[in-house]
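Novice: Below is one structure. I have some questions about it.
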């Protein structure tokens, strides 16, 4: 791990960098899964609004950043899923109500252990679920190394050119 690379809780001061990193990571991650036109059309204002909503409030969302010095190079976020019977989202999986809603690291900083550090910061050893693009074999392999396995649930992101995704879950991890 390079000196000066750290993982910490995201704060309101990270909003602008997080919006930029979010879009860069999407473009790097989904190239080949989504069209170049779609990736080029991603609205930076939308990501900025999302991160303001998540972090610029008295009770900020649970999100973490990976920083190389003062530069944000990745992030992870988690949330509690809606209660069973709620009209929001998917029904909670058997693994519980904790969901990793995003984990991205810029390609320039991958394979340095930051993804694992972000995942551990966000989830620890808790049972959790996540959704991943079905064609993203690198991410699926990464999550498997941390105890996640597909549970058979599938979805299609209609607003994302009908991108197929799968749900992965893990039980609470026991430390040796």
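Novice: Within segment 46-58, can one find any residue that is buried (at least 20 other Cβ atoms within 10 Å of the Cβ), within 22 Å of residue 171 (Cα to Cα) and either out of contact with any strand residue (DSSP E or B) (no Cβ under 6 Å at 6 or more places or on another chain) or at pLDDT 95 or above (or both)?
Specialist: No, segment 46-58 contains no residue that is buried (at least 20 other Cβ atoms within 10 Å of the Cβ), within 22 Å of residue 171 (Cα to Cα) and either out of contact with any strand residue (DSSP E or B) (no Cβ under 6 Å at 6 or more places or on another chain) or at pLDDT 95 or above (or both).
Novice: In this structure, does residue 7 turn out to be within 22 Å of residue 120 (Cα to Cα), assigned to a helix (DSSP H, G or I) and at pLDDT 95 or above?
Specialist: no
Novice: Starting from segment 152-167, keep only residues that are surrounded by 13 or more Cβ atoms within 10 Å (Cβ to Cβ), then list their pairs with residues that are assigned to a helix (DSSP H, G or I) whose Cβ atoms are within a distance under 7 Å, requiring at least 6 positions of separation or different chains.
Specialist: The qualifying pairs are 161/38.
Novice: Contact list please: Cβ distance under 6 Å, first residue in segment 9-24 and in contact (Cβ under 8 Å) with a residue 40 or more places away in the chain, second residue in a helix (DSSP H, G or I) and buried (at least 21 other Cβ atoms within 10 Å of the Cβ), pairs at least six apart or on different chains.
Specialist: Correct list of pairs: 15/51; 18/51.
Novice: Can you name the residue in segment 76-90 that is out of contact with any strand residue (DSSP E or B) (no Cβ under 8 Å at 6 or more places or on another chain) and under 21 Å from residue 53 (Cβ atoms) and is also modelled with the highest pLDDT among such residues? Give the derivation first.
Specialist: Here is the first cut: in segment 76-90, the ones out of contact with any strand residue (DSSP E or B) (no Cβ under 8 Å at 6 or more places or on another chain) are 82-89.
After this cut, where a residue has to be under 21 Å from residue 53 (Cβ atoms) as well, the list is 82, 86-89.
Values: 82: 76, 86: 59, 87: 60, 88: 59, 89: 58.
Only one residue tops the list, namely 82.
Novice: Would you confirm whether any residue within segment 13-28 is in contact with a strand residue (DSSP E or B) (Cβ under 8 Å, 6 or more places away or on another chain), in a loop (DSSP other than H, G, I, E, B) and at pLDDT 95 or above?
Specialist: No, there is no match, as no residue in segment 13-28 is in contact with a strand residue (DSSP E or B) (Cβ under 8 Å, 6 or more places away or on another chain), in a loop (DSSP other than H, G, I, E, B) and at pLDDT 95 or above.
Novice: Residue 93 passes all but one of (1) touching a strand residue (DSSP E or B) at 6+ places or on another chain (Cβ under 7 Å); (2) surrounded by 14 or more Cβ atoms within 10 Å (Cβ to Cβ); (3) closer than 26 Å to residue 73 by Cα; which number fails?
Specialist: Here residue 93 meets the rest and fails (3).
Novice: Next up: So residue 58 passes all but one of these: (1) outside any strand (DSSP E or B); (2) touching a helix residue (DSSP H, G or I) at 6+ places or on another chain (Cβ under 9 Å). Which condition number does it fail?
Specialist: Among (1) outside any strand (DSSP E or B); (2) touching a helix residue (DSSP H, G or I) at 6+ places or on another chain (Cβ under 9 Å), the lone unmet condition for residue 58 is (2).
The values are calculated or read from the model by the stated rules, or taken from the named source; none is laboratory data. Quantities reported herein were computed from a predicted structural model and do not represent experimental measurements. So basically every Cβ, Gly included, is an ideal-geometry build from the backbone, and we count neighbours across all protein chains shown.
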